[in-house]
Amino acid sequence: MANDKIDRMGTESTFRLLLEFSLPAVAGVLVQMLYNIIDAVYVGHAVGPDGLAATTVANPTMTAMAAVAMLVGVGGNALAAIKLGERKRAVAERVLGNSFVLLLGVSALMWAVGALALDPILRFSGADDAVMPHARAFMTVIIAGCPLQFLSFGMNNFIRTAGHPGRAFGSMVVGTASNVVLGYLFIVVADGGMGGAGLATVCSWAVSAAFVMQFFLKKGSPMPLRRAMLGVKWRVAGRVCILGIAPAVMQMGFAVSSMIENNLLAFYGAADSLGADGALAVMRVLASVGMLTFMPAMGISMGSQPLIGYNYGARNFARMKRTLVQAMALGVGITTPLWLVVVLFPDAFAHLFGLPDQYLAATAWALVAYLLFIPLIPIQSIGSNYFDATGQALKATVLTLTRQILFLIPLLVFAPQVLPQHFPITPLQCVFLAPSLSDVASLLAVLVFLGFEFRRLRRLVAQEEGKGLSAVRVR
């Protein structure tokens with residue numbers, strides 16, 4: 001039965017499998033992003049604009065933590081899926097064991113970084129004297145609980161590869177539900193402030209991590225975590241990290257660009273009616289709502305990755321390509337309605353977070369600018385993820401760099417200098433608009449890479465057909 005759950009990735013309808021694997025992932029990330037919004041609402045009402053600004057300042061560090069988890073979790077998942085497609089189940093279990101050990105190892109590294117450099121990192125992320133105490137109180141708790149985050153987030157990917165997308169979704173739901181309840185208790189009821197927000201998050205990671213690890217430790221698990229597989233094989237660990245570079249770079253790009261963005265928001269916000277802390281508070285709203293509209297594409301990437309990787313390992317190139325195209329179409333279909341709701345009713349979202357009245361008009365305008373091209377993002381993100389799923393780490397990394405580093409950072413820096421000279425737009429508004437311009441440029445880069453990739457696949461299919469004809473002649 002366990003083998004059937006995995007092997008069906010190479011036989012059943014690709015669209016049916018895509019729905020089965022992706023929809024729970026989409027639901028899971030939407031639930032998580034819904035909590036992200038609820039958490040911001042809690043903080044906005046209980047702590048105020050300085051609390052929202054503090055979460056904006058904390059975001060680069062939290063994104064860097066997610067990058068570390070993705071380096072191991074997504075990279076290990078991609079390698080395990082390929083090995084399962086090649087019928088190398090023992091190697092896939094070795095990948096799982098090595099990924100578990102690596103996740104625990106990098107947790108210790110994060111502790112060291114937090115102990116030595118938390119305040120400078122927060123300062124560099126845009127914290128001023130008013131915001132700094134809130135950001136420090138939040139991130140001190142978050143970093144202490146990072147091993148739980150790494151296990152719950154990093155190991156969750158393997159559940160989906162083992163053929164149980166519903167169980168992977170369940171781990172997201174139990175963690176998010178815990179976070180919603182505990183966030184209300186710790187932030188609102190107990191008046192715990194930002195420390196309470198951090199504690200609620202860490203406790204929810206603990207619940208999710210327990211749920212995830214039970215899957216691998218239970219009797220009869222399709223991908224058991226065996227003691228014999230925990231010894232680190234550096235060749236396997238290196239391959240895991242290589243395949244995880246692209247998603248990790250994507251998250252680190254978010255972290256770096258967020259730091260730069262926060263400082264630009266503070267600089268241009270100081271010369272704007274919003275003020276520096278007001279601009280950071282508005283960005284917290286944009287980030288929360290933006291993730292709600294963007295993360296379905298990430299969920300579909302997560303769901304399609306094991307299917308693409310398995311069929312690449314099994315050399316079922318036609319199924320793999322069909323899964324990719326279907327995933328992109330599904331991503332656009334799910335993202336567009338969410339985007340329309342935000343673009344048509346930005347005032348409703350601006351009111352939701354308890355911002356002062358003088359911030360609301362600017363927030364509504366910024367929401368539209370920030371999310372202008374979101375319906376195109378599934379093509380970019382799923383297309384980039386395809387190269388990681390098929391073991392082409394270098395291409396995946398280059399495409400990730402285009403969106404978060406090569407395009408976005410120059411746009412953040414130069415758009416406020418150039419656009420106000422030609423359009424009726426302020427420098428601060430240019431900072432809000434820059435991510436949308438980067439989305440378009442990075443989409444074009446992905447389409448070029450996919451064009452060359454489809455030509456490569458046609459050659460591979462022709463080679464496979466040639467081998468089949470040669471075998472027939474030998475018989």
**Report entry** Unique match (being open to solvent by 30 Å² or more (accessible area, probe 1.4 Å) and either over 19 Å from the mean Cα position of the chain (by Cα) or modelled with pLDDT of 90 or more (or both)) among Ala162, Ala137
**Finding:** Ala137
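Could you please find all residues in region 218-238 being outside any loop (DSSP other than H, G, I, E, B) and open to solvent by 60 Å² or more (accessible area, probe 1.4 Å)?
Residues satisfying the conditions are Arg227, Ala228, Trp234, Arg235.
Scan region 404-432 for residues that are open to solvent by 30 Å² or more (accessible area, probe 1.4 Å) and touching a residue at least 40 places away in the same chain (Cβ under 8 Å) and jot them down.
Within region 404-432, Ile405, Ile409, Val413, Thr426, Pro427, Gln429 qualify.
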Query raised in the report: Only one residue in Ala246, Ala271, Ala255 is of a type in the set (Gly, Ala, Ser) and either modelled with pLDDT of 90 or more or open to solvent by 10 Å² or more (accessible area, probe 1.4 Å) (or both). Which one?
Result: Ala271
Requested in this report: With respect to Asp357, determine if the residue is over 24 Å from the mean Cα position of the chain (by Cα), closer than 23 Å to Leu437 by Cα, open to solvent by 30 Å² or more (accessible area, probe 1.4 Å) and of a type in the set (D, E, K, R).
Outcome: no
Query raised in the report: Any residue at all in region 374-395 that is surrounded by fewer than 22 Cβ atoms within 10 Å (Cβ to Cβ), more than 24 Å from Thr335 (Cβ to Cβ) and β-branched (Val, Ile, Thr)?
Result: no
Query raised in the report: Restricting the search to region 438-475, which residues are at pLDDT 90 or above and among the small types (Gly, Ala, Ser)?
Result: Ser438, Ala441, Ser442, Ala445, Gly451
Report summary line: Counting only residues that are touching a residue at least 24 places away in the same chain (Cβ under 8 Å) and open to solvent by 20 Å² or more (accessible area, probe 1.4 Å), region 328-354 contains a total of 11
**Report entry** Odd one out for Gly309 among (1) more than 27 Å from Tyr370 (Cβ to Cβ); (2) surrounded by fewer than 19 Cβ atoms within 10 Å (Cβ to Cβ); (3) not hydroxyl-bearing (Ser, Thr, Tyr)
**Finding:** (2)
Query raised in the report: With (1) of a type in the set (A, V, I, L, M); (2) modelled with pLDDT under 85; (3) over 29 Å from His45 (Cα atoms) as the list, and Met328 as the residue in question, which single condition is left unmet?
Result: (2)
Query - Which listed residue is open to solvent by 10 Å² or more (accessible area, probe 1.4 Å), modelled with pLDDT of 80 or more, out of contact with any strand residue (DSSP E or B) (no Cβ under 9 Å at 6 or more places or on another chain) and over 26 Å from Ser204 (Cα atoms), from Ala90, Ala46, Ala112, Ala80 - result: Ala90
Query - Qualifying residues in region 93-106 (those that are surrounded by fewer than 23 Cβ atoms within 10 Å (Cβ to Cβ) and of a type in the set (Val, Ile, Thr)) - the one nearest to Met9 (Cα to Cα) - result: Val101
Query - Counted residues, region 50-77 - those being open to solvent by 10 Å² or more (accessible area, probe 1.4 Å), among the aliphatic types (A, V, I, L, M) and within 30 Å of Tyr359 (Cβ to Cβ) - result: 3
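State the number of residues belonging to region 246-269 that are over 13 Å from the mean Cα position of the chain (by Cα) and touching a residue at least 60 places away in the same chain (Cβ under 8 Å).
Final tally of qualifying residues: 13.
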Query raised in the report: Is it the case that region 346-368 has a residue that's within 28 Å of Leu450 (Cβ to Cβ) and among the hydrophobic types (A, V, I, L, M, F, W, C)?
Result: no
Query raised in the report: Does Phe449 qualify as being open to solvent by 60 Å² or more (accessible area, probe 1.4 Å) and touching a Lys or Arg at 6+ places or on another chain (Cβ under 7 Å)?
Result: yes
Query - Condition check for Phe215: part of a helix (DSSP H, G or I), open to solvent by 40 Å² or more (accessible area, probe 1.4 Å) and either in contact with a helix residue (DSSP H, G or I) (Cβ under 7 Å, 6 or more places away or on another chain) or at negative phi (or both) - result: no
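Within region 305-327, identify whether any single residue is assigned to a helix (DSSP H, G or I) and under 30 Å from Asp129 (Cα atoms), and answer yes or no.
no
The values are calculated or read from the model by the stated rules, or taken from the named source; none is laboratory data. This is a predicted model, so every value here is computed, not measured. Counting neighbours? That spans all protein chains shown, and the Cβs are built from the backbone with ideal geometry, glycine included. SASA here: full protein model, heavy atoms, side chains in, ligands and nucleic acids out. Shrake-Rupley method; radii C 1.70, N 1.55, O 1.52, S 1.80 Å.
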